[in-house]
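Each remark here refers to the structure printed beneath this line.
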Amino acid sequence: METILAHAHTLMYTILALMPSRYQRDNLEAMLGLFLAADGKPLPHYSKSKSESALSRFLNTYKWPTRKLIRHLRQQAIEQVNSHCPLGRKAFLQVIIDLTTLEKCGQFKAFKNLITVYNGKRGLHIVVLYLVVGQWRIPWNFRVWRGKGTASPSQIALRMVRHLPKDLTKRFRVKILADTAFGTKDFINNLRKLKYHAVIGIGSK
């Protein structure tokens with residue numbers, strides 16, 4: 001437990017150091033504090049060190065190196081997962097793919113190209129990819145489905161699977177877990193070409 005806490009502290013300070021200004025660093029630190037408190041109150045207005053408007057500006061107005069932060073977090077996740085890889089036969093890397101809908105009822109100009117209707121639900125339809133190894137469950141990637149005439153959820157999922165880091169796919173046996181939203185012939189055939197195990201829901205007519 002002490003090792004995990006030490007790693008978490010190191011990771012947190014490394015992330016804070018990526019912020020371009022002291023003001024943004026303080027805002028991010030306040031937000032991390034809300035989440036790490038784990039008391040079910042992560043929303044900005046519960047912060048005791050920063051105002052709700054300050055945290056809103058940090059998230060919506062100011063520019064900060066999100067791509068660099070994501071790359072760093074992913075590399076840290078890979079190192080942690082590989083460090084706990086058991087000796088002997090390759091363990092399974094479970095790749096869970098899910099289609100999550102965030103329903104929206106009003107008009108959102110900033111999201112007008114992202115809000116669509118899928119299975120009778122209007123909102124943001126997000127394809128999410130998780131990695132699971134032993135007790136580790138890591139949200140790894142996501143993409144928004146942009147509606148008819150664009151890449152389908154199964155095509156989006158296939159792209160994300162193909163871009164899984166080789167540091168993991170070579171070290172583990174990959175097992176894809178997905179529901180009926182991804183049970184297309186093209187998706188299944190391409191997983192076979194990648195030689196991945198798969199458990200996928202198939203819709204019945």
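Under 7 Å between Cβ atoms, at least 6 apart or on separate chains: pull out the pairs that start in the range 90-115 with a residue that is at negative phi and free of Cβ contacts under 8 Å to residues at least 12 places away in the same chain and end on any residue that is open to solvent by 40 Å² or more (accessible area, probe 1.4 Å) and outside any strand (DSSP E or B).
Going by the 7 Å Cβ cut-off, the qualifying pairs are 115/104; 115/108.
Among (1) open to solvent by less than 40 Å² (accessible area, probe 1.4 Å); (2) hydrophobic (A, V, I, L, M, F, W, C); (3) touching a residue at least 40 places away in the same chain (Cβ under 8 Å), there is one condition residue 136 misses while meeting the rest; what is its number?
So the condition that residue 136 fails would be (1).
Filtering the range 180-200 down to residues that are assigned to a loop (DSSP other than H, G, I, E, B) and in contact with a strand residue (DSSP E or B) (Cβ under 7 Å, 6 or more places away or on another chain), which residue is modelled with the highest pLDDT? Steps first, please.
From the range 180-200, those assigned to a loop (DSSP other than H, G, I, E, B) are 183-184, 194-196; that's our starting set.
Subsequent filtering for residues that are in contact with a strand residue (DSSP E or B) (Cβ under 7 Å, 6 or more places away or on another chain) retains 183, 196.
Working: 183: 89, 196: 94.
For the range 180-200, the residue satisfying everything is 196.
Within the set of pairs 6 or more residues apart or between chains, which connect a residue that is closer than 16 Å to residue 160 by Cβ inside the range 181-197 to a residue that is of a type in the set (S, T, N, Q) and surrounded by 15 or more Cβ atoms within 10 Å (Cβ to Cβ) with Cβ atoms less than 8 Å apart?
181/154; 182/154; 184/152; 184/154; 186/154; 186/155; 187/154; 187/155
Just to check your reading of the model, which residue among 41, 50 is more than 30 Å from residue 176 (Cα to Cα), exposed (fewer than 14 other Cβ atoms within 10 Å of the Cβ) and more than 17 Å from the chain's Cα centre (by Cα)? Full working, then the answer.
Values: 50 fails: exposed (fewer than 14 other Cβ atoms within 10 Å of the Cβ).
41 is the lone residue from the list that is more than 30 Å from residue 176 (Cα to Cα), exposed (fewer than 14 other Cβ atoms within 10 Å of the Cβ) and more than 17 Å from the chain's Cα centre (by Cα).
If we scan the range 16-32, do we find a residue that is open to solvent by 90 Å² or more (accessible area, probe 1.4 Å) and over 30 Å from residue 84 (Cβ atoms)?
yes
Consider only pairs whose beta carbons are under 9 Å apart and that are at least six residues apart or on different chains; among these, list those whose first residue lies in the range 52-78 and is among the small types (Gly, Ala, Ser) and whose second residue is modelled with pLDDT of 85 or more.
54/23; 54/26; 54/27; 54/30; 54/47; 77/131; 77/138; 77/140
Can you pull out the strands (runs of 3 or more DSSP E) entirely within the range 43-160 that have at least 3 residues that are in contact with a Ser or Thr (Cβ under 8 Å, 6 or more places away or on another chain)?
Details: elements: 92-103, 116-118, 121-133, 136-145.
In the range 43-160, 121-133 are the strands (runs of 3 or more DSSP E) which contain 3 or more residues that are in contact with a Ser or Thr (Cβ under 8 Å, 6 or more places away or on another chain).
Of the residues in the range 146-177, how many are closer than 22 Å to residue 122 by Cα and either open to solvent by 80 Å² or more (accessible area, probe 1.4 Å) or of a type outside the set (Ser, Thr, Tyr) (or both)? Break it down into steps so the answer makes sense when it comes.
We begin by selecting, within the range 146-177, every residue closer than 22 Å to residue 122 by Cα; these are 146-157.
Now restrict to residues that are either open to solvent by 80 Å² or more (accessible area, probe 1.4 Å) or of a type outside the set (Ser, Thr, Tyr) (or both): 146-149, 151, 153, 155-157.
Summing the residues that are closer than 22 Å to residue 122 by Cα and either open to solvent by 80 Å² or more (accessible area, probe 1.4 Å) or of a type outside the set (Ser, Thr, Tyr) (or both) in the range 146-177 gives 9.
Could you grab me the full set of residues in the range 93-125 that are of a type outside the set (S, T, N, Q) and within 14 Å of residue 178 (Cβ to Cβ)? So that I can check it myself, show each step before the final result.
Going through the range 93-125, the residues of a type outside the set (S, T, N, Q) turn out to be 93, 95-99, 102-106, 108-112, 114-115, 117-118, 120-125.
Listed by number, the residues that qualify are 95, 96, 97, 98, 99.
Can you go through 124, 129 and tell me which one is open to solvent by less than 90 Å² (accessible area, probe 1.4 Å), modelled with pLDDT of 90 or more and within 30 Å of residue 196 (Cα to Cα)? Show your work before the answer.
Values: 124 fails: modelled with pLDDT of 90 or more.
Exactly one residue qualifies, and that residue is 129.
The values are calculated or read from the model by the stated rules, or taken from the named source; none is laboratory data. Remember, it's a predicted structure, so these values are computed and weren't measured experimentally. Positions of Cβ are backbone-derived with ideal geometry, glycine not excepted, and every protein chain shown enters the neighbour counts. Heavy atoms of the whole protein, side chains included, go into the accessibility calculation; ligands, DNA and RNA do not. Shrake-Rupley method; radii C 1.70, N 1.55, O 1.52, S 1.80 Å.
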